[in-house]
Each structure stands twice: as structure tokens, then as C-alpha cells.
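Data block below; observations after.
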Amino acid sequence: MKIFERITKRYALQNYYLRRNFYWPDTLPEILDYWQQHNDLPFLYGGDNWPYDAMCERQRRKGVYASQYLTPDRTACQMAALAVRYFDNDSRIVDACCGTGQLTRALLLEGVHPSAILGFDADAELVDLYERLYPETNALRMQFREIDFRCENVIANPPFEITECTSFLQWLSRTQCSGDWAVLLLPYGFIDKQRPKAVQETMRHFIIHHRTPMQEPFARTACRAEIVVVERA
């Protein structure tokens, strides 16, 4: 745990990264360290989901890395409700590319027991944060390509680049069996794309049960998205 001195003059979150001194917390795990040491956040904050808001603010000042467009709260709740509706309640839920845990947070609000959730992400800082925010869940620092066990129920906001998104769906088709489910946040219209051919070749492995446009914008991109529920054929 990194040790931080108490900040005597705190700024609002919107100004924190603009005025941040080099010895103040920067990453989300560092902010959590500060909170555990001082029972307070290093910035003024009146919301109820500081990991999401702080990450979005950090991205506003430092840019977005590796297509980490966080799932907004309302969309995360929509996806979690669909997961509870469609998933086999006796099987583990895999929060793929879990990031700060937006989808896990929404699943817990839906009443899913944390021990039924496994989250994984390639970003070491975010996995560290996820493990500490949700200690009763299971967490792995891995890329989706490295996951080779069966994932009966998957909820995910995967990377949005065409190549990466296609690779994610190909991975999903390999790690699921017939009758397994996934609730996904995908680029709008992606599953209808005829080029590259790999998209439709991969989608033939799935039955589409539900799709609805995302009703709110991402914080850091104008990319449109839709929620898609699929079953492995």
C-alpha cells in the first residue's frame, strides 16, 4: 500500500487531475489507498460511484488506453437485469474485461452473490482495484485470449475495435458450449457487419435473443453501442 499525506485543500473531482500535485494519488488503486488511510477521498465528491467517475475524469485528462470505455451505470444495470433473466442461476457468471467492476457492481445490486462472479481483465491496476472493491468475488489478471475454461454465463463490455471485438466473439464461441449465454455491450450494428467475413462466420455460432440500443452515451467516446443477448448454438 502506498502511503499518502492528508490533502489539506481538496478540489472537486472535475478539477482534481487538472490541479493534482505529483505526490497526490493518481491511479484508482492509489485513490483507494488514500481512502483507507484517511477515511476520505482526496477530492470533493458527492456521488455514489467514485471508481467510475474518477476513472472517467482521469481519462478526460490523460486519454483512453486500450479501448477502456467504461459501462455507464444505467447501461450496466440494464445488462445485469438481462443477465439475471437469461442466465442459469446455478452457473458462475464471468465478468469479462471487467475494468473497474461496473457490471459486477450492477450484478450485486441485482442480488447475485459475489462468490458466483469471476472477473478478469488484462490491466493490472484495474484488477488490483477490482479485487479490493469486491473481495468476495474471484479475479484474474488475464487477457480474454488466455482464458481457456468454460464460461457458461458471460457479461462483458469488450474492446470496440473491429479486430479485437471479432477476436472476443471468436474466443466466446470457443469457451462456451451449446446453451450457454452472454450479455454483451457491442458497437451498434457490429453483429450485422458483412465485412470482415469473420464477423458473420463467428456470429453463426450464436442465437440472438435480444438487442436494444444503448440509451446513454459513454463518457469518453461518441461511439454508439447496443446491448445484445446471445445463446451459444
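Just so it is clear, none of the values below were taken in a lab; they were calculated from the coordinates. Everything quoted here is computed from the prediction, not taken from an experiment. Cβ atoms come from the backbone with ideal geometry, glycine included; neighbour counts cover every protein chain shown.
Annotations
- Electrostatic bookkeeping for P158 treats Lys and Arg as +1 and Asp and Glu as -1; over the other residues with beta carbon under 12 Å from its beta carbon, the sum is -3.
- Calculated FRET efficiency, C177 to S115, Cβ-Cβ distance, R0 = 25 Å: about 0.65 to the nearest 0.05.
- Surface/4 estimate of mean projected area, convex hull on alpha-carbon atoms of the chain, nm²: 12.5 nm²
- Spin-label pair K193/E125, simplified geometry with 7 Å Cα→Cβ offset, distance in nm: 2.8 nm
- Here the simple spin-label model places points 7 Å from the Cα toward Cβ, and for V84 and E164 these points are separated by 3.0 nm.
- Cα→Cβ-extended label distance, 7 Å offset, between L18 and Q36, nm: 3.2 nm
- Convex hull of the stretch 69-166 built on C-alpha atoms - directionally averaged projected area, nm²: 6.0 nm²
- Linear extension gain, H205 paired with K2, 0.36 nm per residue minus alpha-carbon span: 68.4 nm
- Whole-number percent relative contact order across the chain, with pairs defined as alpha carbons under 8 Å at least 6 apart: 17 percent
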